[in-house]
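Read the figures in this text as sums done on the coordinates, not as results from a lab. A quick note: this is a predicted structure, and the numbers were derived from the prediction, not measured. When we count neighbours, we look across all protein chains shown, and the Cβ atoms used for this are built from the backbone with ideal geometry, even at glycine.
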Amino acid sequence: MVVGQEVTRFLLQRLALGALVVVFASALTFFFVNLAPGGPASVMRFDVTAEQREALIKAMGLDRPVPQRYVEWLGAALHGDLGSSLLTNEPVATRIGDRLPNTLTLAGSALLISIVAGIPMGVVQALRRGRAIDHVLSLVSAVGLAVPVFWLGIVLILVFAVSLNVLPSAGVTSAASDTLADRLAHLVLPAVALATTILPTVVRFTRSSTIEALHEDYIRTATSKGLAPWTVVARHALRNALIPVVSAIGALVPRLLGGTVVTEAVFGWPGMGRLALEAAQGRDYPLVTGLTVVVAAIAVCASLVVDVAYTRIDPRVRLS
Amino acid sequence: MSRFGIVALVVLLAIAALAIAGPFLWTIPPEATDPAHGLAGASAAHPLGTDELGRDVLSRLLHGSRVTLLVGVAAMLAALFIGVVVGAIAGWSGGWLDALLMRLTDAMLAVPAFFFILVVITVLGTGVATLVLVIGALSWMPVARVVYGETLRWKVAEFVVAAESLGVPAPRLLVRHILPQAIPSLVVSATLGVAFAILTESALSYLGLGVQPPLPSWGNMLQRAQQYVFTAPALAIYPGLAITVVVLAFNFLGDGLRDALDPRRRR
């Protein structure tokens, strides 16, 4: 049972570290927003009377020192209260909660596409190293890394929504027919566009780690004892090659979440990314702060999931 | 260097030449509007057509290339500066300062930078200088890691220990003896950094939070183009193609330089 304890300790360590990252993100955001010139303190910019200004300063607690306000904010945040949106006066937590499922659906689908398409592409490249298919896929990955997501989105709309007219270009669902098939059709283009933010990196990682694994002694042993090539690759090479790929995917999640802002803007997807854009345009400080913290928390949770997966596929984590 | 790397270098030099000389050779002002001839197709007067306000697309692309490339390079320099300072101090000092700075670097990498960028722009507003600083302030982490690794590696080298025992002060040791060892890695990081900065700038400008019209940048040219994607699809094609080509070239150049400068990776 020592093994179980080791895993628990490893995961608890990761959990504590993740919590620290979220606190760090919230502190960075909160202090920046409240100390930088042009923050909420410049409610003076708002076109209001002196009394209204006083009321605003009182309401937002701007008359108290920033560290004190941060501690209060953090305490409230731990109870699910992220303050109120300046633009709509609704609780920030409610506004984020309304959008959260859409963003998770979009980012989750994009992640799934990256894994399901990216790993086989990388493995094929590794197995056919130096051949035409390897070069073609390398070039595709390089282009994928260079294409701006929003432009790819516009091009996808141009091809599939305008020219071919086979997929919808905006929104989560059609007002007329809100079926699962309709929702999936709406998801295809944004998910594919968002997936390109990390797919090429997944392919590259898989390729290089598979090539490395194929050079190992145990692969030569497996081949020389007469195992079928397919068994050697699937049972011996891939299992080891995928370990670094899993941790790379964990490290790519922040990039994927960052990509939701642009993707949701292009496809009119009502998620957290577009909410963040509205918050930035409307200078809604509580909202943009809350969003950043929630997104950081999502990224941290994703990396915890990766850590759990890690303990499953890499026995060394369990034993060491 | 690899063939791809050399081709990329040639492409980038050609684009730089166009950015410098283009606006002198193609003299239609990028801000000149002509609403009567908006959304026009290609013609002798406007080889790439006009946008919704009748502005010449070729002229806006040429002027936009200056803005896009300058912001990209400036943001990369900002990231390089912060990354070198953080990495060198952490690597040289060791102890709690090392732990603090490198955990900070890890934490910055663990949270989605694009949301932080939105936070900064919410507070500071839009502007070219803000854009450069914010992209730099949120993309220095890979540089810091590279410099940190090189500093750790070289601070125990004999020539550094010798210089130290002669009484050379730490800042001078870092600048004269250790950082020069990191130059090859930094050249690679810088090249890839420009690509990242250009992608970030164009995304922000597309969202209306970056370079503000009438000043053209490749990103903000795409901002309005999406509305006209049904009537004038070409408007959306050129700037995006330009961004893709430049970013691709910087990435290929970076990869080519890495292979050329680091023989261990050649296999």
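Couple of notes before you dig in:
- Legend: ranking of residues B:TRP92, B:TRP218 from fewest to most surrounding C-beta atoms inside 10 Å; resulting order B:TRP92, B:TRP218.
- GNM remark for chain A: springs join alpha carbons under 10 Å apart, and the peak mean-square fluctuation among A:VAL71, A:VAL202, A:VAL266 falls on A:VAL71.
- In terms of its alpha-carbon gyration tensor, the protein assembly as shown comes out rounded; the largest-to-smallest axis ratio a/c stays below the 1.5 threshold.
- Sorting B:186-198, B:162-174 by average packing, meaning the other beta carbons within 10 Å per residue, from highest down gives B:186-198, B:162-174.
- For the residues of B:223-231, the average number of beta carbons from a partner chain within 10 Å of their own beta carbon is 3.
- Nearest-ten-degree value, helix B:128-137 long axis tilted from longest Cα axis of chain B: 40 degrees
- Seen against the Cα atoms of chain A and their longest principal axis, helix A:92-127 is set at about 20 degrees.
- For A:SER84, distant residues with modelled amide H under 5 Å away: A:VAL92
- Its Cα gyration tensor gives segment A:190-290 an equivalent ellipsoid, and the semi-axes of that ellipsoid, as √(5λ) in whole Å with the largest first, are 44, 12, 8.
- All distinct Cα pairs of segment A:98-195 go into the 1/r average, and the inverse of that average, the Kirkwood radius, is 15.1 Å.
- Counts of other chain beta carbons within 10 angstrom of each beta carbon in peptide B:201-214 average 3.
- Mean-square fluctuations from a GNM of chain A, with a 10 angstrom spring cutoff on Cα atoms, peak among A:LEU180, A:LEU199, A:LEU82 at A:LEU180.
- The calculated FRET efficiency for the pair B:ALA129 and A:SER208, based on their C-beta separation and a Förster distance of 45 Å, comes to about 0.70.
- Label-to-label distance for A:ALA55 and A:PHE31 is 3.4 nm, based on points extended 7 Å past Cα in the beta-carbon direction.
- Local charge for A:ASN240 was computed over the other residues whose Cβ lies under 11 Å away, with Lys and Arg +1 and Asp and Glu -1, and equals 0.
- As a ratio to 2.2 N^0.38 Å, the alpha-carbon radius of gyration computed for segment B:45-176 takes the value 1.49.
- Taking other C-beta atoms within 10 Å as the exposure proxy, B:MET76, B:MET108 rank B:MET108, B:MET76 from fewest upward.
- Integer Hz, Karplus 6.51/-1.76/1.60 couplings in order for segment A:150-167, x for Gly and Pro: 5, 6, 4, x, 5, 5, 4, 4, 4, 7, 8, 9, 8, 6, 7, 6, 10, 10
- Taking Cβ atoms as reference points and 9 Å as the exclusive limit, the residues near B:SER185 contribute a net charge of -1, counting Lys and Arg as +1 and Asp and Glu as -1.
- Average other protein chain Cβ within 10 Å of Cβ, residues A:271-282: 4
- Simple label model, 7 Å out from Cα along Cβ direction - A:ALA234 to A:GLN281, nm: 5.1 nm
- Per-residue Cβ neighbour rank within 10 angstrom, fewest leading, B:PHE230, A:PHE32: B:PHE230, A:PHE32
- Anisotropy class of chain A from Cα gyration tensor, a/c 1.5 cut: oblate
- Whole-angstrom gap from segment A:145-175 to segment A:182-218, using each part's C-alpha centre: 20 Å
- 3J(HN,Hα) along segment A:284-297: 8, 4, x, 5, 5, 5, x, 4, 4, 5, 5, 5, 4, 5 Hz, from the Karplus curve 6.51 cos²θ - 1.76 cosθ + 1.60 with θ = phi - 60°, whole Hz, x for Gly and Pro.
- Ellipsoid equivalent to segment A:76-119 - semi-axes via the Cα gyration tensor, in Å: 32, 11, 6
- Amide proton proximity set for A:VAL172, modelled H, under 5 Å, gap of 5+: none
- Nearest 10 degrees, 0 to 90: helix A:199-214 Cα axis against chain A principal axis: 30 degrees
- Mean separation of Cα pairs under 8 Å and 6 or more residues apart, divided by the residue count, gives segment B:153-267 a relative contact order of 24 percent.
- Computed over neighbours whose Cβ is under 10 Å from that of B:SER217, the net charge equals +1, Lys and Arg +1, Asp and Glu -1.
- Chain A: most fluctuating residue of A:ASN240, A:ASN89, A:ASN34 per GNM, C-alpha cutoff 10 Å: A:ASN89
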